[in-house]
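Encoded as structure tokens, the structure appears first; notes follow it.
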Amino acid sequence: MDVAEIRELRMALGEKASMSSTRTRTIGIQVRADFEDLAMLRAVAETVALLADFGIDEVTDIRLALEEVATALIQDAVPDTELDCTIGYNGTGVQIRVSVLTVSGEGPDQRGIGWHIVSTLTDSLTITVDPHDAALGGCRTTVEFRWTGSDR
């Protein structure tokens, strides 16, 4: 589905052609913590950003940041767990939260090029690692980032 088709769909559904309000809308998705499911996260992030009326370059930045964060978390995920992702958006930006149960309590490696890309593309970036939970077999690790377009 291209940008024109999404705008046409929005109009058919009676939605405004742009997100001028400051009301935040949130979408949640849960996928297996597996590299094969990154395509689903990318597709959801791209669709949400397009529906929020971001430009194609902005959509690409958002999708790339989410992919890098999810990849870093999946690399340390406890086997057979789920990766939770929420995407909140309004007329000014996108807030994304990605969480998974990880083996280590160290959080994503922040020294690599992937993490440099995320920190460059986003306005804020936080990592939270909860203490190890023996019952769950790992540490809940959460990465949150905010992206605000330059012309918003």
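Step through the residues of the range 132-144 one at a time and calculate ³J(HN,Hα) from phi using the Karplus curve (6.51 cos²θ - 1.76 cosθ + 1.60, θ = phi - 60°), rounding each to whole Hz and writing x for Gly and Pro.
4, 10, 4, 5, 8, x, x, 10, 6, 10, 10, 10, 10
Which whole-Hz couplings ³J(HN,Hα) result when phi for each residue of the range 95-104 is put into the Karplus expression 6.51 cos²θ - 1.76 cosθ + 1.60, θ = phi - 60°, listed in order with x for Gly and Pro?
Once θ is set to phi - 60°, the couplings for the range 95-104 become 10, 10, 10, 10, 9, 7, 7, 10, 6, 8 Hz.
From Cα pairs below 8 angstrom and at least 6 apart in sequence, can you work out the relative contact order of the range 65-133, rounded to a whole percent?
The normalised contact order for the range 65-133 reaches 34 percent.
Every number here is computed from the coordinates shown, using simple stated rules; none is lab data. Keep in mind it's a predicted model, so treat the numbers as computed, not measured.
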